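Worksheet: the structure to be examined is printed underneath.
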Amino acid sequence: MSRRLFTGGRVIDPLKGTIKIADVLVEDGRIKAVGKNLRAADAEKIDCRNRYLAPGFIDLHCHLRQPGEEQKESIASGCRAAFAGGWTQICPMPNTVPPIDSEALVRFELEAARAADAARVIPVGCCTKGRQGKELAELGEMWQAGARAISDDGSWVSDAGLFRRILEYAKTFDLLVMSHCEVPELVPELADEGVVSTRLGLHGAPGVGEAIAAMRDILLAHWTRTRLHICHVSSAETVEVLRWAKERGIAVTAETCPHYLALTVDALNGFEANYKVNPPLRSEADRKSLIRAVVDGTIDAIATDHAPHAPEDKDKEFSNAASGIIGFETAFSVLYETLVLKKALTLPELIARLTVVPAQILGIEPPRIAPEAEANLVVLDTEVSWVLSRDKIVSCSHNTPWLGKKLRGRVIATLLGESFRVNQ
Amino acid sequence: MAGLKHLLGIAELTGDDILAILEQARRFREVLDRPIPIVPVLRGKTIVNLFFEPSTRTITSFNLAASRLSAQCLNFAVGGSAVKKGESILDTVANIEAMRVDGIVIRHSAAGVPHFLARHVSCFVVNAGDGCHEHPTQALLDAFTLIEHFGTLKGKRVLIVGDIAHSRVARSNILLLNKLGAQVAVCGPPTLLPAGIEEMGCEVFYHLDRILSEVDVVNMLRLQTERMTANFIPSLREYRRFYGLTRERLAKIKPEAVIMHPGPVNWGVEMDYDVREFSQTLIMNQVKNGVAVRMAVFYILALKRGILSEEAK
Ligand SMILES: [Zn+2]
Ligand SMILES: [Zn+2]
């Protein structure tokens with residue numbers, strides 16, 4: 001019988017927005033008790049004084065590269081990297097090689113994740129066969145195998161008639177439809193369109209190209225009465241579209257990512273490919289609008305869009321470099337500094353956007369630190385400053401603009417069931 | 001200019017850097033007028049022209065500049081084949097650098113390639129045009145030509161006409177002219193004017209006839225005829241009607257104003273053939289000054305890196 005006692009931590013309840021100091025006793029992967037002065041002589045003790053305990057984070061949007069590109073990230077390495085960053089449940093997008101568009105591949109993914117003994121995977125299947133945007137994929141079989149959402153992430157389903165059918169059919173199984181919004185004709189290259197792209201001679205991708213796609217998807221979701229989730233919102237125009245939809249009570253949710261909240265297009269000035277992401281980093285006005293939207297709930301949740309790449313795909317001229325950065329292990333620190341230290345959100349409010357809100361969006365049980373619940377929690381140190389170095393990174397890939405940079409606040413430990421990890 | 005290790009763009013230069021290059025170019029311009037127009041400044045040094053995009057004119061100008069400085073110059077024309085074979089730029093360059101070169105002149109269709117290269121090689125890098133980003137030596141030779149003609153750029157009003165969106169020449173020129181105190185205007189249809197261009201420091205006009213008579217310099221850009229397929233303009237015919245330097249428009253420009261073009265010209269599209277005969281056309285001076293300016297760039301980069309030949313010291 002394994003027992004762990006977390007002593008003297010400040011326990012965050014993101015649902016109520018409260019913090020109270022308590023000990024937490026965990027036995028065989030379940031929370032046994034939460035309270036003052038708990039005793040358990042034989043338990044492993046974890047000193048949490050001046051630290052916070054929060055439910056484990058749920059990542060609505062990330063990329064593992066198995067099957068097909070395991071050198072960038074396997075399901076196992078990805079689950080371990082997520083776990084190190086405080087993510088106990090993750091939704092890997094199905095744009096692997098081949099794409100996850102069948103029952104067999106969903107089962108394979110779950111199996112590989114179970115073997116990793118770290119974060120748990122919540123499978124997301126493709127909307128269309130082979131992610132080709134032409135024919136409806138076997139959504140029912142994937143649901144039966146464990147998929148809880150569908151997405152053709154990486155591309156937008158351009159065919160409006162097909163997207164209508166996807167929304168209608170997904171309702172059968174209450175699958176969440178997640179949309180990567182991008183009108184391809186408006187996105188010739190991955191740099192926000194404006195004075196920076198003009199200076200650099202890069203053909204821009206205007207934020208309105210994302211908003212137009214989001215608007216079509218939202219109107220169709222409303223009309224078919226299906227729940228829709230907009231992925232990685234990056235532009236102020238998309239925020240306006242979401243605001244419009246939510247004011248009308250349309251069932252749409254949205255996420256943005258740490259890099260859109262912390263960085264702007266100005267980072268592109270040296271043509272450094274580690275700042276190349278899809279959708280692209282945008283202007284300071286967009287960044288501010290995203291922060292406001294996260295604060296007022298127009299954007300519901302924050303996901304990492306963890307996108308590992310091999311050095312040979314990233315260490316290239318900007319136009320040909322792969323887009324995406326890894327995010328599991330830096331997300332909390334970047335968000336803590338960008339949102340909490342700058343007083344946009346309180347720590348419990350940030351935690352809510354990483355835990356209960358994503359759970360509600362997915363329609364799963366939100367993790368909580370309470371007796372009888374499954375052990376699913378993180379230990380956070382908000383005092384610590386640390387430098388992200390290569391040897392600290394658990395992910396197989398190292399493509400992040402935060403490499404070598406000082407970060408504030410850190411996930412110290414993560415616990416899910418019997419899996420426990422302490423970051424050194 | 002202590003920090004000048006490469007010539008990647010005008011953006012990285014100060015006004016003083018630019019003036020120093022132009023002053024050096026003026027000295028080399030005198031050398032070029034001598035009976036034996038060669039100096040031993042880079043004897044024993046090797047410069048590679050690495051062109052991923054064909055351009056006989058530019059490569060010849062860089063070649064000539066290197067040989068007038070007594071350097072060896074190798075041309076490494078990378079056709080589509082190496083790129084298609086999946087050979088990365090880094091592989092190509094590692095091979096070239098292994099042959100111990102002192103400088104690389106690079107042209108590439110993607111913006112930022114010279115910057116990327118500069119992070120990975122130990123020799124100096126000269127940007128000879130990267131995508132739609134910069135073409136610094138062209139802007140330097142344009143400025144040299146204008147100063148030669150007017151004495152100064154201060155207060156001069158320069159109009160750049162045409163496809164600003166896809167022009168590296170336009171971007172480098174706008175940056176440079178602003179740094180040396182000229183006023184810049186650009187003119188073209190909105191489809192060919194990139195977002196936020198006015199924030200780079202220029203006035204924006206859609207109608208050539210509303211501005212043509214007010215400027216001291218008219219710099220006509222080459223229209224890339226392949227853009228026709230992408231709906232930037234409806235036809236070459238309509239383009240000429242609104243943005244071409246026609247014989248009628250020639251009559252409207254100020255008597256002391258000059259006409260420039262980075263070449264090669266699409267006669268009958270951006271410019272009527274008659275413009276050749278116009279006495280205030282500086283197009284041939286631009287070509288001649290290109291060599292002197294490129295010599296100056298090589299000289300200054302070699303000087304900064306302490307690799308000038310013994311004779312030069
Ligand atoms: Zn996406
Ligand atoms: Zn994604």
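Here are a few things to note about the model shown:
- Centre-to-centre separation between the Cα atoms of region B:1-51 and those of region A:245-281: 42 Å.
- Distant-in-sequence amide contacts of A:Asp23, defined by a placed amide H-H separation under 5 Å and a gap of 5 or more residues or a different chain, comprise A:Gly8, A:Gly35, A:Lys36, A:Asn37, A:Leu38.
- Gaussian network model of chain A, springs between alpha carbon atoms under 10 Å - residue of A:Asp59, A:Asp391, A:Asp47 with greatest fluctuation: A:Asp391
- Crossing angle, helix A:284-296 versus chain A [Cα axis fit, 0-90 degrees, rounded to tens]: 50
- Each Cα pair under 8 Å and six or more residues apart adds its sequence gap; the mean of these over the residue count of region A:364-405 is a relative contact order of 28 percent.
- Dipole of chain B computed with +1 at Lys/Arg Cβ and -1 at Asp/Glu Cβ about the Cα centre; of B:Val78, B:Val41, B:Ile300, farthest Cα towards the positive end is B:Val41.
- Annotation: amide H-H contacts under 5 Å for B:Val184 (H modelled 1.01 Å from N, sequence separation of 5 or more, or interchain): B:Val158, B:Glu203.
- P(r) weight above 38 Å for the protein assembly as shown, C-alpha pairs, percent: 47
- Whole-Hz ³J(HN,Hα) from phi, Karplus 6.51 cos²θ - 1.76 cosθ + 1.60, for region A:38-50, glycine and proline x: 6, 10, 7, 4, 8, 7, 6, 9, 10, 6, 10, 4, 6
- Evaluated on region A:200-246, the Kirkwood hydrodynamic radius is 11.4 Å, with distances taken between all distinct Cα atoms.
- Equivalent ellipsoid semi-axes - Cα gyration tensor, region B:74-222, angstrom: 34, 18, 11
- Geometric descriptor of chain B, per residue, is 133 Å³ (volume of the convex hull of the Cα atoms).
- Antiparallel beta bridges, as assigned by DSSP with both residues in chain B, represent about 5 percent of the total such bridges.
- Springs join every pair of Cα atoms under 10 Å in this Gaussian network model of chain A, and among A:Ala170, A:Ala262, A:Ala115 the largest mean-square fluctuation is at A:Ala115.
- DSSP loop chymotrypsin sites (Phe, Trp or Tyr not before Pro) with at most 16 other Cβ within 10 Å excluded, longest remaining stretch of chain B: B:1-205
- Part-to-part distance (alpha-carbon centres) for region B:94-164 and region B:250-313, which is given in Å: 13
- In chain A, helices alone account for a calculated mean residue ellipticity at 222 nm of -8000 deg cm²/dmol, with every DSSP H run of four or more residues adding -39,500 (n - 2.57).
- Over region B:188-261, relative contact order from alpha-carbon pairs under 8 Å, at least 6 apart, %: 42
- Over all projection directions, the Cα-based convex hull of region B:89-161 averages an area of 6.4 nm².
- Within the same chain, lysines fewer than 8 places from A:Lys405 are excluded, and of the rest, those with a Cα less than 28 Å from its Cα are A:Lys72, A:Lys276, A:Lys288, A:Lys314, A:Lys316, A:Lys342, A:Lys343, A:Lys392, B:Lys5.
- Relative pair counts by distance (%), Cα atoms of chain A, 20 Å bins: 28, 60, 12, 0
- Within straight-line cross-link reach of B:Lys254, lysines at Cα separation under 30 Å, skipping those fewer than 8 residues along the same chain: B:Lys154, B:Lys156, B:Lys179, B:Lys288
- Hydrodynamic analysis of region A:134-264 uses the Kirkwood radius over alpha carbon pairs. Inserted into Stokes-Einstein at 4 °C and 1.567 mPa s, it gives a translational diffusion coefficient of 83 µm²/s.
- Where both bridge residues fall in the protein assembly as shown, DSSP classifies roughly 35% of the beta bridges as antiparallel.
- The mean sequence distance of close C-alpha pairs (under 8 Å, at least 6 residues apart), as a share of the length of region A:206-281, puts its relative contact order at 31 percent.
- Straight-distance candidates among the aspartates and glutamates for linking to A:Lys45, with alpha-carbon spacing under 14 Å and chain neighbours fewer than 8 residues away dropped: A:Asp23, A:Glu27.
- P(r) tail for region B:271-313: Cα pairs beyond 11 Å make up 72% of the total.
- Amide H contacts for A:His309 (H built 1.01 Å from N in the peptide plane; partners 5 or more residues away or on another chain; cut-off under 5 Å): A:His398, A:Asn399.
- Separation of region A:342-415 and region A:180-228, taken as the distance between their Cα centroids, equals 29 angstrom.
- Computed over region A:223-291, the ratio Rg/Rh where both radii use C-alpha atoms and Rh is Kirkwood: 1.06
- Test item: B:184-197 mean partner chain Cβ contacts at 10 Å: 2
- Calculated mean residue ellipticity, 222 nm, chain B: -11000 deg cm²/dmol, from DSSP H runs (n ≥ 4) at -39500 (n - 2.57) each, averaged per residue and rounded to 500.
- Just checking the listed ones, A:Ile58, A:Ile364, A:Ile12: in the Gaussian network model of chain A with Cα springs under 10 Å, the one fluctuating most is A:Ile364.
- Each DSSP beta bridge with both residues in chain A is either parallel or antiparallel, and the antiparallel ones are about 55%.
- Relative counts (whole %) of C-alpha pair distances in region B:164-313, using bins that are 5 Å wide: 2, 8, 16, 19, 19, 14, 9, 5, 4, 3, 1, 0
- Annotation: Cα Rg of region A:23-98 relative to the compact-globule expectation 2.2 N^0.38 Å equals 1.51.
- For region A:1-142, the C-alpha radius of gyration sits at 1.33 times the compact-globule guess of 2.2 N^0.38 Å, with N the residue count.
- Scaled to the globular estimate 2.2 N^0.38 Å, the Cα spread of region A:72-215, given as radius of gyration, is 1.17.
- Shown here is the pair-distance distribution of region B:155-204: with all Cα-Cα distances grouped in 5 Å bins from zero up to the longest one, the shares run 5, 23, 39, 23, 8, 2 percent.
Read-outs throughout are calculated quantities, based only on the coordinates presented, and are distinct from any laboratory measurement. Just so it is clear, the model here is predicted, and its values are computed rather than measured. Because the Cβ atoms are built from the backbone with ideal geometry, glycine has one as well, and the counts that use them run over all protein chains shown.
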